[in-house]
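Step one of this worksheet: look at the structure below.
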Amino acid sequence: MGISRDSMHKRRETGGKKKAWRKKRKYELGRQPANTKLSSNKTVRRIRVRGGNVKWRALRLDTGNFSWGSEAVTRKTRLLDVVYNASNNELVRTQTLVKSAIVQVDAAPFKQWYLQHYGVDIGRKKKNVSKKEEEAEAATEEVKKSAHVQRKLEQRQKERQLDAHIEEQFGGGRLLACISSRPGQCGRADGYILEGKELEFYMKKLQKKKGKGAA
């Protein structure tokens, strides 16, 4: 039979049955949802659709390209967890990747870029070490930079701004991000890092959820 999207093969609003006086049509078909899962066993299927076009149905994914808007940089990173979904809590429980899902991604590629671009190692936890040890550590980590590179880094430092919430997240090695692509249609889970008001909004939501869980 197959899934159909026409009203001919559905019941009436009152619950009564309709007489189907026409067979099902190919252009009225429906397909089962992709329900893309967060898994290391990446699986993407090719689907031939109307007009001979192609869709890519992602069934399992664990990586995606995420863009950091304020820094205008994009990096491929690992998806670690699905933490929030405005439409359905069940999608969080089942770790389903859909558009607008709030996920946690690995901060390492962005941390690496930040160090290279600004010469600043963000999100580093300061240990209680003696001054001598600290100096020795700094000396070993100090990479020789040419005067030209040094000047470039100093220039960038002047305009450097980092959101306190994002810096805090770098400490934990995970960043909150939003999926903006449609994994079931294009076979990819790409998105952007949450910042500013949007980040605050979702942090409050997650805090509320955590509070409910504790209660």
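The values are calculated or read from the model by the stated rules, or taken from the named source; none is laboratory data. Treat the numbers as computed from the prediction; the structure is a model and nothing was measured. FYI the Cβ positions are ideal-geometry reconstructions off the backbone, even for glycines, and counts take in every protein chain you see.
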Would you confirm whether or not the stretch 19-27 contains a residue that is exposed (fewer than 15 other Cβ atoms within 10 Å of the Cβ), of a type in the set (D, E, K, R) and within 16 Å of the chain's Cα centre (by Cα)? no
Could you list, in sequence order, all residues of the stretch 163-186 that are under 21 Å from THR63 (Cα atoms), at pLDDT below 95 and assigned to a loop (DSSP other than H, G, I, E, B)? GLY173
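Results for (1) out of contact with any strand residue (DSSP E or B) (no Cβ under 9 Å at 6 or more places or on another chain); (2) of a type in the set (A, V, I, L, M, F, W, C); (3) farther than 24 Å from LYS42 by Cβ, shown as yes or no for each residue.
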| site | (1), (2), (3) |
| --- | --- |
| LEU176 | no, yes, no |
| TYR192 | no, no, no |
| GLU195 | no, no, yes |
| LYS212 | yes, no, yes |
Quick one: would you say VAL98 is surrounded by 15 or more Cβ atoms within 10 Å (Cβ to Cβ), assigned to a loop (DSSP other than H, G, I, E, B), of a type in the set (Val, Ile, Thr) and modelled with pLDDT of 95 or more? yes
Every residue in the stretch 89-120 that is acidic (Asp, Glu) and without any contact (Cβ under 8 Å) to a residue 12 or more places away in the chain, please. GLU90
Positions within the stretch 15-46 being without any contact (Cβ under 8 Å) to a residue 12 or more places away in the chain and in contact with a strand residue (DSSP E or B) (Cβ under 7 Å, 6 or more places away or on another chain), in sequence order: ARG46
For residues that are outside any loop (DSSP other than H, G, I, E, B), β-branched (Val, Ile, Thr) and modelled with pLDDT of 75 or more, tally how many sit in the stretch 104-160. 2
Residue within the stretch 32-44 that is outside any helix (DSSP H, G or I), within 17 Å of the chain's Cα centre (by Cα), among the aliphatic types (A, V, I, L, M) and under 30 Å from ALA177 (Cβ atoms) present: yes
So which residues in the stretch 48-84 are more than 29 Å from HIS117 (Cβ to Cβ), without any contact (Cβ under 8 Å) to a residue 12 or more places away in the chain and among the aliphatic types (A, V, I, L, M), if there are any at all? VAL49, VAL54
